[in-house]
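Notes for the one structure printed next.
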Amino acid sequence: MSKRSFKGNDSINKKKKLKGTKKIIISDISKIQHLETSCIILKNLAFDNEPICSVTLSNLNIYCCLTCGKYFRGKNFESPAYQHALQNFNHKLFVKMCNDTDNYNTVHQFITLPDMELIDASKSKLLTIIQNNINPKAITINTIENKECFDFINKKKYITGCVPLTNEQGMDHVNVIIQLLSQLNEFKSFNEENNILTAATNSTCPNGSNDTSVLLQKKLLKIIRKIWNPELIKANISPIELINFLNNHYYSNQRNFASEEFLHSLNDPKSLYVWLIHHLHNKKLLTENLKGYILVTKTKIDLTNLKPIPNEKPKKFITPFYLLSVDLPKTSIFKEPITKISKNNDEEGKEENCENLLLSSLIEDKFTQPHISKDGFRCEYEIKSSPMHLLIHINRFENSTTTLKISTNLRNKKIVEFQPEMKLFKNSNNINGKNGVNYKLKCNIIYNSSDKSNTNKWSVQILTHLAKFDASPNKEEQWFEIDGLEVKKSDGVLLFLQESYFQLWERV
């Protein structure tokens, strides 16, 4: 018998032996601890990337080596994962990754290769934490709260709901929108029973055009679950899986835009937010709390004298709105210095251009002053119903598609003053049966790029509620600003001193 035929028979015998082997489950705590200390290197683990085999580029039946952090397909004989365990010393503990078709409550299997022994993860705190970092367990709205936690590697302090995202490929505008969406109760309660979002994402993808929208929703909610995870291995999260998904499934498949033009049009956080909400698979529950109603009165006028045309009756109709966009007065080319008196009487007053605008006044003007449209109509707006979550866009760019790309100097830099709590729509009649509505700021996206650089930089300020002491029912409000990977405290009264661009307000 030739050596070649002998090797072939030997491999067949090994396969039969593996198939006939019974599953062995290791539940002994001492053995599990030995595997943890000898096989797991936490600094190499990053479960933010899409699980794709590093050898075959397949995304099916993927296992992650807990020593080097690489992904491999399969566990059977001659599979990449099996061969990796044979060729590398102590690379024998693997965890099975979830696919896009798996639901949120999938239990991840820990296995040793080439021994084919299953590990009882319930006996190990470390394995449970690893499992929760791959796919965090269900979190109900009642248990979601801001907590001071420490990551598992460096014992670095972080706050749940206020976790920084790494800036992948210059996509910081994606990061701030993810942070804003993570503050919405509809996204935070994704695992509640009878939740429409959960029902949609836990279901298998239907055939047709909705496949991509379901996957988009699952990947977005996966990042939000990690932001609220109190057991992170590292105190930061990468959105690279979502960004790659958008690039591969949306940006490259657009027919109405040139590739560069479409990519750049989403560099504006407001445009990205509108696009993202529109492309989610099931947005009924989300849009109900973001939707308000406006009464529009359109009167045909003569553009020469701006007077109503005789015998033309005004048209009235009610339309929904999902965000309010306010325009800032254009900056004059002639600077008008305003003398600012110093607190110290010995010092002379300095001349500064410090024109301030009130956000509440800008919004009231939008609904009290008529607007003339280009097609010859005088439009008057009146709020009929205010949304639970109000999104306000402060338009600092005349054309976000081109202005953001050409120069940051063309933006409107005026300070828009506001308080963390304010009453809006005071002049609207019988809105929700009240004279005005009280709103509280929850999230503030700011533009803080240097004028000397043509690159954009977005950061976000988030309101948190932290307990003063452990197990204390009293919560203390504290603002934090996330700038890249840096998280620092902010003064809520002085938030308006920066260039606010997109805000999330909650009705109180």
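The values are calculated or read from the model by the stated rules, or taken from the named source; none is laboratory data. As the structure is a computational prediction, the values presented were derived from the model and not from experiment. We place every Cβ from the backbone using ideal geometry, glycine too, and count neighbours over all the protein chains shown.
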Which of (1) at pLDDT below 90; (2) within 13 Å of V176 (Cβ to Cβ) does E476 not meet, given it meets every other one? (2)
Can you pull out every residue in region 273-320 that is in contact (Cβ under 8 Å) with a residue 60 or more places away in the chain and among the aromatic types (F, W, Y)? Y273, Y293
Only one of (1) modelled with pLDDT under 90; (2) over 19 Å from the mean Cα position of the chain (by Cα) is not met by K156, so which one is it? (1)
Among the strands (runs of 3 or more DSSP E) confined wholly to region 1-98, which include 3 or more residues that are surrounded by 17 or more Cβ atoms within 10 Å (Cβ to Cβ) and modelled with pLDDT of 90 or more? 62-65, 71-73, 93-96
Considering only strands (runs of 3 or more DSSP E) fully contained in region 285-391, which possess at least 2 residues that are modelled with pLDDT under 90 and in contact with a Cys (Cβ under 9 Å, 6 or more places away or on another chain)? 338-340
Any residue in region 480-493 that's within 14 Å of I159 (Cα to Cα): show its pairings with residues that are of a type in the set (K, R) and part of a strand (DSSP E or B) at Cβ separation under 8 Å, as long as the two are six or more apart or on different chains. F480/K488; F480/K489; E481/K488; E481/K489
If you go through region 260-273, how many residues are modelled with pLDDT of 55 or more and in contact with a Phe, Trp or Tyr (Cβ under 8 Å, 6 or more places away or on another chain)? 6
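Each row is one residue, and each column tells you yes or no for (1) modelled with pLDDT of 90 or more; (2) under 25 Å from the mean Cα position of the chain (by Cα).
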site	(1), (2)
E398	no, no
T408	no, yes
N432	no, no
N444	yes, yes
K452	no, no
K457	no, yes
Go through (1) surrounded by 13 or more Cβ atoms within 10 Å (Cβ to Cβ); (2) at pLDDT below 90; (3) under 20 Å from K226 (Cβ atoms) for Q109 and report which single condition fails. (3)
